[in-house]
Amino acid sequence: MSSSSIGPVAVFGGTFDPVHNAHLAIAARALAALGARRVLWLPTGAPGYRRPPLASAEHRLAMLRLAVADEARYGIDPRELAPGHSGYSYDTLAALRAELGPGVPLVMLVGGDQYARLAGWHRWKELFGLARLAVFARPGEGAGPQEVPEGGVIHLALDPMPVSASSIRARIARGESLAGMVPAPVLEYIQRHRLYY
Ligand code: ATP
């Protein structure tokens, strides 16, 4: 069997408002360190309990398409953008588990800041019945919950990248350079559509 059919499917949810180089570093690490056969990028919708993204779903999707175009193992799954989707990772993972069957390992990729808030997530303990979590340290984050099942969490090192979508939006608003923060086609898209100005 080829390695492309035995690694886990990595699931990477985010607002991607906009997608940036730390996101790409996380996905690349999932391929290299976890041997993921695929990374599914899942842009979040705008459920009422979250602050809505600034850019529209169409713009965020278009930027994601540009960012993932060069890696055949990356795919975009837009299901959370559908009207009426709960926005809960539990629901998304349960649907993926049902579609992929019980034999495909699933790993959910999260930054350390998200992991620190895990205990507030809908049905968070049940997530571990569906997937393992790969946690990427992030500057300034807190610790995750104590009661995670043995083997449920993989901590992966990432060269600390002090880049965030919010700092990118703030830099654009101040007219500062985004050099090294977003892929060139994403930067060009942001400028062409005057996003975040
Ligand atoms: P914002 O600044 O608007 O909160 P963000 O940069 O965190 O956005 P998201 O799309 O919300 O971007 O992030 C998707 C995932 O990527 C989250 O799990 C987040 O923790 C993780 N992530 C984003 N940037 C980094 C980073 N620099 N280091 C580690 N993880 C990161």
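The values are calculated or read from the model by the stated rules, or taken from the named source; none is laboratory data. Quick caveat, the model's predicted, so the values are computed rather than measured. Note that each Cβ is placed from the backbone with ideal geometry, even for glycine, and that neighbours are counted across all protein chains shown.
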Exercise. Which residue pairs have Cβ atoms under 7 Å apart, sit 6 or more places apart or on different chains, and have a first residue in region 11-24 that is within 10 Å of residue 183 (Cα to Cα) and a second that is assigned to a loop (DSSP other than H, G, I, E, B) and within 6 Å of the ligand (Cβ to nearest atom)?
Worked result: 20/163; 21/161; 21/163
For this session: Kindly indicate the residue of region 161-193 that is surrounded by fewer than 10 Cβ atoms within 10 Å (Cβ to Cβ) and of a type outside the set (A, V, I, L, M, F, W, C) and also nearest to the ligand (Cβ to nearest atom) among those meeting that condition.
Result: 180
For this session: Being in contact (Cβ under 8 Å) with a residue 24 or more places away in the chain and loosely packed, with under 14 Cβ neighbours inside 10 Å is the filter; apply it to region 84-117 and report the residue that is farthest from the ligand (Cβ to nearest atom).
Result: 100
For this session: Please find, within region 138-160, the residue that is nearest to residue 24 (Cα to Cα) out of those that are within 14 Å of the ligand (Cβ to nearest atom) and of a type in the set (Gly, Ala, Ser).
Result: 157
Exercise. Of all residues in region 120-147, which are among the aliphatic types (A, V, I, L, M) and at pLDDT below 95?
Worked result: 137, 143
For this session: Look through 120, 87 and report the one residue that is touching an Asp or Glu at 6+ places or on another chain (Cβ under 8 Å) and not aliphatic (A, V, I, L, M).
Result: 87
Problem set entry | Selection within region 160-189 - touching a residue at least 40 places away in the same chain (Cβ under 8 Å) and part of a loop (DSSP other than H, G, I, E, B) | 161, 163, 164, 180, 181, 182, 183
For this session: Would you confirm whether any residue within region 49-62 is without any contact (Cβ under 8 Å) to a residue 24 or more places away in the chain, within 14 Å of the chain's Cα centre (by Cα) and surrounded by fewer than 21 Cβ atoms within 10 Å (Cβ to Cβ)?
Result: yes
For this session: Return only the number of the condition from (1) within 21 Å of residue 130 (Cβ to Cβ); (2) near the ligand (Cβ under 10 Å from one of its atoms); (3) in contact with a Leu (Cβ under 8 Å, 6 or more places away or on another chain); (4) of a type outside the set (Gly, Ala, Ser) that residue 42 does not satisfy.
Result: (3)
For this session: Go through 120, 75, 129 for me and flag whichever is within 16 Å of the ligand (Cβ to nearest atom) and of a type outside the set (Lys, Arg).
Result: 120
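May I ask you to say which residue of 42, 54, 133, 93 is outside any helix (DSSP H, G or I) and within 17 Å of residue 152 (Cβ to Cβ)?
None of the others qualify; the one that does is 133.
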